[in-house]
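First comes the structure, then the notes that go with it.
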Amino acid sequence: MRKIAAGVIGFLFLFLSARALFAAPPVVSPGEPWLDNRGLRIQAHSVGITLWKGVYYWFGEDRSQSNDPAKRYVACYSSTDLAHWTFRRQVLALADPEHLGPRWVLERPKVFANPRTGKFVLYAHLDDADYKVARVAVAVSDRIDGEYRYLKSFRPLNEESRDIGQFVDDDGSAYLIFESRPTGGFFIASLSGDYLNVEKQVSFLHAPLEGGALVHYKGLYYVVGSHLSGWAPNPNVYATAPSLSGPWTEFKNIAPPEANTYGSQSSMLLKIVGSKKTTVLFMGDLWRPEQLWDSRYLWMPLEIGSGALRLPAPQPCELNVKTGETALIAKPAVK
Ligand code: GAL
(Lines give C-alpha, C1' and ligand atoms only; values in the text may rest on other atoms or scores of the structure.)
Protein backbone atom coordinates (compact mmCIF):
# COMPACT_ATOMS: atom_id res chain seq x y z
CA MET A 1 0.00 0.00 0.00
CA ARG A 2 2.78 2.35 1.01
CA LYS A 3 4.66 1.54 -2.18
CA ILE A 4 1.64 2.42 -4.28
CA ALA A 5 1.18 5.73 -2.42
CA ALA A 6 4.86 6.59 -2.92
CA GLY A 7 4.54 5.70 -6.59
CA VAL A 8 1.49 7.92 -7.03
CA ILE A 9 3.22 10.80 -5.22
CA GLY A 10 6.33 10.34 -7.34
CA PHE A 11 4.28 10.35 -10.52
CA LEU A 12 2.38 13.46 -9.44
CA PHE A 13 5.65 15.20 -8.60
CA LEU A 14 7.13 14.38 -12.01
CA PHE A 15 3.90 15.38 -13.75
CA LEU A 16 3.74 18.74 -11.98
CA SER A 17 7.44 19.51 -12.54
CA ALA A 18 7.08 18.64 -16.24
CA ARG A 19 4.00 20.86 -16.45
CA ALA A 20 5.88 23.75 -14.82
CA LEU A 21 8.81 23.16 -17.14
CA PHE A 22 6.77 23.01 -20.30
CA ALA A 23 4.05 25.51 -19.37
CA ALA A 24 3.92 28.29 -21.94
CA PRO A 25 6.01 31.24 -20.74
CA PRO A 26 4.05 34.32 -19.70
CA VAL A 27 4.36 36.29 -22.92
CA VAL A 28 2.08 39.10 -24.02
CA SER A 29 2.01 39.85 -27.74
CA PRO A 30 0.63 43.26 -28.68
CA GLY A 31 -1.86 43.18 -31.54
CA GLU A 32 -2.16 39.39 -31.68
CA PRO A 33 -5.52 37.68 -31.10
CA TRP A 34 -5.43 36.86 -27.38
CA LEU A 35 -7.09 33.58 -26.35
CA ASP A 36 -8.47 32.65 -22.93
CA ASN A 37 -8.40 29.21 -21.25
CA ARG A 38 -11.29 28.10 -23.48
CA GLY A 39 -9.43 29.03 -26.65
CA LEU A 40 -11.81 31.95 -27.22
CA ARG A 41 -10.78 35.53 -27.89
CA ILE A 42 -10.54 37.64 -24.74
CA GLN A 43 -13.43 40.10 -24.81
CA ALA A 44 -12.41 42.75 -22.30
CA HIS A 45 -11.82 45.98 -24.17
CA SER A 46 -10.90 49.18 -22.33
CA VAL A 47 -9.08 47.10 -19.77
CA GLY A 48 -9.45 47.60 -16.03
CA ILE A 49 -7.30 45.47 -13.73
CA THR A 50 -8.05 44.71 -10.08
CA LEU A 51 -5.47 42.82 -8.03
CA TRP A 52 -7.31 40.85 -5.35
CA LYS A 53 -5.72 38.30 -3.00
CA GLY A 54 -2.74 37.78 -5.30
CA VAL A 55 -4.85 37.25 -8.43
CA TYR A 56 -5.27 39.73 -11.27
CA TYR A 57 -8.82 40.25 -12.55
CA TRP A 58 -9.25 41.79 -15.99
CA PHE A 59 -12.56 43.57 -16.60
CA GLY A 60 -13.58 45.06 -19.91
CA GLU A 61 -16.20 45.63 -22.54
CA ASP A 62 -17.39 42.31 -23.93
CA ARG A 63 -18.14 42.93 -27.60
CA SER A 64 -18.81 39.29 -28.56
CA GLN A 65 -20.80 38.92 -31.75
CA SER A 66 -23.13 36.46 -29.99
CA ASN A 67 -24.25 39.07 -27.41
CA ASP A 68 -27.83 40.33 -27.36
CA PRO A 69 -27.55 43.68 -29.23
CA ALA A 70 -30.00 45.30 -26.78
CA LYS A 71 -27.72 44.62 -23.80
CA ARG A 72 -24.27 45.78 -22.78
CA TYR A 73 -21.77 43.32 -21.33
CA VAL A 74 -18.74 43.37 -19.06
CA ALA A 75 -16.56 40.27 -18.93
CA CYS A 76 -14.12 39.21 -16.23
CA TYR A 77 -11.01 37.04 -16.56
CA SER A 78 -8.44 36.03 -13.94
CA SER A 79 -4.72 35.36 -14.08
CA THR A 80 -1.69 35.01 -11.84
CA ASP A 81 0.85 35.89 -14.53
CA LEU A 82 -0.96 38.52 -16.66
CA ALA A 83 -0.47 36.39 -19.76
CA HIS A 84 -2.74 33.34 -19.28
CA TRP A 85 -6.34 34.30 -18.58
CA THR A 86 -9.23 32.21 -17.31
CA PHE A 87 -12.72 33.31 -18.25
CA ARG A 88 -14.80 33.81 -15.09
CA ARG A 89 -18.09 35.11 -16.45
CA GLN A 90 -19.95 38.02 -17.96
CA VAL A 91 -20.23 39.91 -14.70
CA LEU A 92 -22.68 42.37 -16.21
CA ALA A 93 -25.28 41.73 -18.90
CA LEU A 94 -27.35 44.85 -18.61
CA ALA A 95 -30.50 45.93 -20.39
CA ASP A 96 -30.80 49.70 -20.95
CA PRO A 97 -31.04 50.81 -17.30
CA GLU A 98 -32.02 54.46 -17.78
CA HIS A 99 -34.12 54.42 -20.96
CA LEU A 100 -31.26 55.73 -23.04
CA GLY A 101 -32.61 54.32 -26.27
CA PRO A 102 -31.15 52.22 -29.05
CA ARG A 103 -27.35 52.13 -29.35
CA TRP A 104 -26.97 53.18 -25.72
CA VAL A 105 -23.43 52.99 -24.38
CA LEU A 106 -21.71 51.27 -21.48
CA GLU A 107 -17.95 51.63 -21.78
CA ARG A 108 -14.67 51.52 -19.86
CA PRO A 109 -15.79 49.39 -16.90
CA LYS A 110 -13.50 49.46 -13.84
CA VAL A 111 -13.85 47.52 -10.61
CA PHE A 112 -12.74 48.75 -7.19
CA ALA A 113 -12.37 46.26 -4.32
CA ASN A 114 -13.45 47.91 -1.08
CA PRO A 115 -11.45 46.49 1.85
CA ARG A 116 -13.78 48.12 4.40
CA THR A 117 -17.16 46.91 3.12
CA GLY A 118 -15.93 43.73 1.39
CA LYS A 119 -17.93 44.78 -1.69
CA PHE A 120 -16.77 45.17 -5.27
CA VAL A 121 -17.91 48.32 -7.01
CA LEU A 122 -18.02 48.60 -10.78
CA TYR A 123 -17.95 52.00 -12.47
CA ALA A 124 -18.56 52.50 -16.17
CA HIS A 125 -19.29 55.27 -18.61
CA LEU A 126 -23.03 55.34 -19.32
CA ASP A 127 -24.39 57.23 -22.29
CA ASP A 128 -26.89 57.43 -25.10
CA ALA A 129 -26.04 56.99 -28.77
CA ASP A 130 -25.01 60.66 -29.10
CA TYR A 131 -22.87 60.70 -25.98
CA LYS A 132 -25.06 63.46 -24.53
CA VAL A 133 -25.93 61.82 -21.20
CA ALA A 134 -22.32 61.67 -19.91
CA ARG A 135 -22.81 59.86 -16.59
CA VAL A 136 -21.19 57.06 -14.65
CA ALA A 137 -23.04 53.81 -13.93
CA VAL A 138 -22.42 52.02 -10.64
CA ALA A 139 -22.99 48.30 -10.03
CA VAL A 140 -22.01 46.17 -7.03
CA SER A 141 -21.24 42.57 -6.18
CA ASP A 142 -20.27 40.59 -3.09
CA ARG A 143 -17.79 38.59 -5.14
CA ILE A 144 -15.17 40.00 -7.44
CA ASP A 145 -16.26 37.70 -10.26
CA GLY A 146 -19.91 37.49 -9.29
CA GLU A 147 -22.87 39.01 -11.07
CA TYR A 148 -22.91 42.77 -10.53
CA ARG A 149 -26.21 44.43 -9.60
CA TYR A 150 -26.92 47.76 -11.27
CA LEU A 151 -27.37 50.41 -8.59
CA LYS A 152 -27.57 53.87 -10.12
CA SER A 153 -26.06 56.43 -12.42
CA PHE A 154 -24.93 59.98 -11.78
CA ARG A 155 -22.67 62.78 -12.93
CA PRO A 156 -19.59 62.78 -10.69
CA LEU A 157 -19.12 66.16 -8.99
CA ASN A 158 -22.12 67.16 -11.10
CA GLU A 159 -19.85 67.32 -14.13
CA GLU A 160 -20.26 65.60 -17.48
CA SER A 161 -18.26 62.40 -17.44
CA ARG A 162 -17.29 60.36 -20.49
CA ASP A 163 -14.16 58.13 -20.51
CA ILE A 164 -13.27 57.01 -17.01
CA GLY A 165 -10.13 55.51 -15.52
CA GLN A 166 -9.41 53.95 -12.14
CA PHE A 167 -6.54 54.61 -9.79
CA VAL A 168 -5.70 53.10 -6.42
CA ASP A 169 -2.78 54.75 -4.67
CA ASP A 170 -0.11 52.94 -2.61
CA ASP A 171 -2.00 53.84 0.58
CA GLY A 172 -5.14 52.15 -0.78
CA SER A 173 -7.07 55.38 -1.55
CA ALA A 174 -9.30 54.99 -4.58
CA TYR A 175 -9.84 57.60 -7.29
CA LEU A 176 -11.82 58.01 -10.45
CA ILE A 177 -10.34 59.96 -13.32
CA PHE A 178 -12.96 61.24 -15.74
CA GLU A 179 -13.10 63.35 -18.82
CA SER A 180 -15.35 66.38 -18.86
CA ARG A 181 -15.93 67.94 -22.27
CA PRO A 182 -17.46 71.32 -21.24
CA THR A 183 -14.62 72.10 -18.84
CA GLY A 184 -12.05 70.65 -21.27
CA GLY A 185 -10.07 68.32 -19.09
CA PHE A 186 -9.60 65.50 -16.64
CA PHE A 187 -10.98 65.48 -13.12
CA ILE A 188 -9.28 63.29 -10.55
CA ALA A 189 -11.68 62.66 -7.67
CA SER A 190 -11.63 60.48 -4.57
CA LEU A 191 -14.35 57.92 -3.90
CA SER A 192 -16.49 57.91 -0.75
CA GLY A 193 -15.74 55.37 2.02
CA ASP A 194 -18.18 52.84 0.54
CA TYR A 195 -16.95 53.65 -3.02
CA LEU A 196 -20.54 54.24 -4.13
CA ASN A 197 -20.03 57.96 -4.70
CA VAL A 198 -17.44 60.26 -6.16
CA GLU A 199 -16.73 62.52 -3.24
CA LYS A 200 -14.05 65.10 -3.60
CA GLN A 201 -12.19 66.79 -6.43
CA VAL A 202 -8.47 66.29 -6.00
CA SER A 203 -7.27 67.78 -9.26
CA PHE A 204 -8.44 69.23 -12.55
CA LEU A 205 -6.07 69.03 -15.51
CA HIS A 206 -6.99 71.53 -18.10
CA ALA A 207 -6.27 69.59 -21.27
CA PRO A 208 -8.97 68.13 -23.53
CA LEU A 209 -7.99 64.46 -23.23
CA GLU A 210 -9.68 61.11 -22.63
CA GLY A 211 -8.67 57.50 -21.94
CA GLY A 212 -7.19 58.77 -18.66
CA ALA A 213 -4.82 56.47 -16.75
CA LEU A 214 -2.68 57.12 -13.69
CA VAL A 215 0.28 55.55 -11.91
CA HIS A 216 2.31 56.47 -8.85
CA TYR A 217 5.91 55.56 -9.56
CA LYS A 218 8.94 56.42 -7.41
CA GLY A 219 7.48 59.52 -5.81
CA LEU A 220 5.83 60.96 -8.90
CA TYR A 221 2.33 60.69 -10.34
CA TYR A 222 2.13 60.10 -14.08
CA VAL A 223 -1.09 60.62 -16.00
CA VAL A 224 -1.55 59.43 -19.58
CA GLY A 225 -4.37 60.42 -21.91
CA SER A 226 -5.37 60.38 -25.55
CA HIS A 227 -6.69 63.25 -27.67
CA LEU A 228 -10.35 63.35 -28.60
CA SER A 229 -10.43 61.45 -31.88
CA GLY A 230 -13.03 58.75 -31.17
CA TRP A 231 -11.89 55.29 -32.20
CA ALA A 232 -9.06 56.66 -34.37
CA PRO A 233 -5.60 56.56 -32.77
CA ASN A 234 -3.70 59.73 -31.95
CA PRO A 235 -0.42 60.58 -30.20
CA ASN A 236 -1.16 59.90 -26.51
CA VAL A 237 0.49 62.23 -24.01
CA TYR A 238 1.59 62.30 -20.38
CA ALA A 239 2.17 64.75 -17.55
CA THR A 240 3.63 64.34 -14.06
CA ALA A 241 3.13 65.84 -10.62
CA PRO A 242 4.70 65.37 -7.18
CA SER A 243 1.22 65.06 -5.70
CA LEU A 244 -2.16 64.04 -7.15
CA SER A 245 -3.36 67.58 -6.59
CA GLY A 246 -0.51 68.90 -8.74
CA PRO A 247 1.14 71.02 -9.88
CA TRP A 248 1.06 69.07 -13.16
CA THR A 249 3.65 69.58 -15.90
CA GLU A 250 2.76 70.30 -19.50
CA PHE A 251 1.72 67.26 -21.55
CA LYS A 252 4.35 65.54 -23.72
CA ASN A 253 4.13 62.69 -26.25
CA ILE A 254 4.61 59.14 -24.96
CA ALA A 255 5.96 57.96 -28.34
CA PRO A 256 7.03 59.59 -31.63
CA PRO A 257 3.86 61.48 -32.68
CA GLU A 258 3.84 59.98 -36.18
CA ALA A 259 3.46 56.50 -34.60
CA ASN A 260 0.03 57.49 -33.23
CA THR A 261 0.69 55.44 -30.07
CA TYR A 262 1.32 52.48 -32.42
CA GLY A 263 -2.38 52.49 -33.27
CA SER A 264 -3.54 52.20 -29.67
CA GLN A 265 -5.42 54.25 -27.08
CA SER A 266 -4.61 54.40 -23.38
CA SER A 267 -6.85 52.65 -20.86
CA MET A 268 -4.76 51.74 -17.82
CA LEU A 269 -1.29 51.91 -16.32
CA LEU A 270 -0.53 48.88 -14.15
CA LYS A 271 2.27 48.94 -11.61
CA ILE A 272 3.86 45.54 -10.91
CA VAL A 273 5.92 45.64 -7.73
CA GLY A 274 8.24 42.64 -7.99
CA SER A 275 11.03 41.35 -5.76
CA LYS A 276 13.68 42.77 -8.08
CA LYS A 277 12.02 45.53 -10.02
CA THR A 278 8.94 47.68 -10.30
CA THR A 279 7.49 47.69 -13.79
CA VAL A 280 4.72 49.83 -15.22
CA LEU A 281 2.66 48.38 -18.05
CA PHE A 282 0.90 50.55 -20.59
CA MET A 283 -2.43 48.89 -21.41
CA GLY A 284 -4.22 50.17 -24.45
CA ASP A 285 -6.78 49.22 -27.07
CA LEU A 286 -6.18 48.72 -30.77
CA TRP A 287 -9.71 49.55 -31.85
CA ARG A 288 -11.40 48.10 -34.91
CA PRO A 289 -14.54 50.27 -35.00
CA GLU A 290 -16.21 48.35 -37.83
CA GLN A 291 -15.87 45.10 -35.87
CA LEU A 292 -15.31 46.05 -32.27
CA TRP A 293 -15.29 42.39 -31.20
CA ASP A 294 -12.03 42.01 -33.16
CA SER A 295 -10.29 44.93 -31.43
CA ARG A 296 -6.88 43.95 -30.08
CA TYR A 297 -4.76 44.92 -27.09
CA LEU A 298 -1.42 46.62 -26.77
CA TRP A 299 0.33 45.97 -23.46
CA MET A 300 3.93 47.05 -23.17
CA PRO A 301 6.32 47.80 -20.29
CA LEU A 302 7.02 51.53 -20.22
CA GLU A 303 10.37 53.18 -19.95
CA ILE A 304 9.59 55.38 -16.97
CA GLY A 305 11.40 57.36 -14.31
CA SER A 306 12.57 60.79 -13.16
CA GLY A 307 9.61 62.47 -14.79
CA ALA A 308 10.02 60.83 -18.21
CA LEU A 309 7.78 58.22 -19.78
CA ARG A 310 8.19 56.46 -23.12
CA LEU A 311 6.17 53.75 -24.80
CA PRO A 312 8.56 51.54 -26.80
CA ALA A 313 7.55 50.13 -30.18
CA PRO A 314 5.30 47.11 -29.61
CA GLN A 315 7.02 43.79 -29.35
CA PRO A 316 6.18 40.46 -27.67
CA CYS A 317 7.32 40.61 -24.10
CA GLU A 318 7.85 38.07 -21.34
CA LEU A 319 6.55 39.20 -17.96
CA ASN A 320 7.59 37.95 -14.56
CA VAL A 321 5.09 39.29 -12.05
CA LYS A 322 7.07 37.77 -9.15
CA THR A 323 10.31 39.61 -9.84
CA GLY A 324 8.78 42.48 -11.81
CA GLU A 325 11.26 41.83 -14.60
CA THR A 326 10.32 41.94 -18.27
CA ALA A 327 12.16 40.80 -21.38
CA LEU A 328 11.36 41.95 -24.89
CA ILE A 329 11.45 39.06 -27.32
CA ALA A 330 13.22 40.03 -30.51
CA LYS A 331 11.14 39.33 -33.57
CA PRO A 332 12.97 37.27 -36.18
CA ALA A 333 14.43 39.53 -38.85
CA VAL A 334 12.29 39.67 -42.01
CA LYS A 335 14.25 38.30 -44.97
C1 GAL B 1 -13.29 57.07 -27.79
C2 GAL B 1 -13.43 56.59 -26.37
C3 GAL B 1 -14.04 55.21 -26.42
C4 GAL B 1 -15.36 55.31 -27.19
C5 GAL B 1 -15.16 55.93 -28.55
C6 GAL B 1 -16.46 56.12 -29.30
O7 GAL B 1 -12.75 58.33 -27.84
O8 GAL B 1 -12.20 56.57 -25.73
O9 GAL B 1 -14.19 54.69 -25.14
O10 GAL B 1 -16.24 56.10 -26.44
O11 GAL B 1 -14.53 57.17 -28.42
O12 GAL B 1 -16.26 56.86 -30.45
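The values are calculated or read from the model by the stated rules, or taken from the named source; none is laboratory data. Predicted model, so just to flag it, every value in this text is computed and none were measured. Please note: Cβ atoms are built from the backbone with ideal geometry, for glycine as well, and neighbour counts cover all protein chains shown. Please note that ligands, DNA and RNA were not included when accessible areas were found on the heavy atoms of the full protein model with its side chains. Shrake-Rupley method; radii C 1.70, N 1.55, O 1.52, S 1.80 Å.
For the reader, a short list of remarks on this structure follows.
- Mean separation of Cα contacts under 8 Å, 6 or more apart, over the residue count of segment 197-292: relative contact order %: 23
- Summing +1 for each Lys or Arg and -1 for each Asp or Glu among the other residues whose beta-carbon sits under 13 angstrom from that of ARG310 gives 0.
- Three-way shape call for segment 158-230 based on the alpha-carbon gyration tensor, with the a/c threshold at 1.5: oblate
- Against the empirical 2.2 N^0.38 Å (N residues), the chain has a Cα radius of gyration ratio of 1.02.
- Relative frequency of Cα-Cα separations exceeding 18 Å in segment 88-175, percent: 45
- Other residues lying with their Cβ under 10 Å from the Cβ of ARG72 contribute a combined charge of -3, Lys and Arg counting +1, Asp and Glu -1.
- The distance between label points at TRP231 and ALA23 comes to 3.7 nm (points 7 Å beyond Cα on the Cα→Cβ vector).
- MRE, 222 nm, helices only [DSSP H, n ≥ 4, -39500 (n - 2.57), over the chain, to nearest 500]: -2000 deg cm²/dmol
- A simple spin-label model places pseudo-atoms 7 Å from Cα toward Cβ; at ARG38 and GLU250 they are separated by 5.0 nm.
- Cβ-placed point charges (K, R +1; D, E -1), dipole of the chain about Cα centre in debye, nearest 20: 1160
- Of the trypsin sites (Lys or Arg not before Pro) in segment 24-57, the ones in a loop by DSSP (not H, G, I, E or B) with at most 14 other beta carbons within 10 Å are ARG38, LYS53.
- Relative to the dominant Cα principal axis of the chain, helix 2-22 is inclined by about 50°.
- All other residues whose Cβ lies under 14 angstrom from that of SER295 are scored, Lys and Arg at +1 and Asp and Glu at -1, for a net of -2.
- Loop-exposed chymotrypsin sites (Phe, Trp or Tyr not before Pro) per DSSP, neighbour cap 14 Cβ within 10 angstrom, longest uninterrupted part of the chain: 1-130
- Among LYS276, LYS110, the sequence by solvent-accessible area, most first, with a 1.4 Å probe is LYS276, LYS110.
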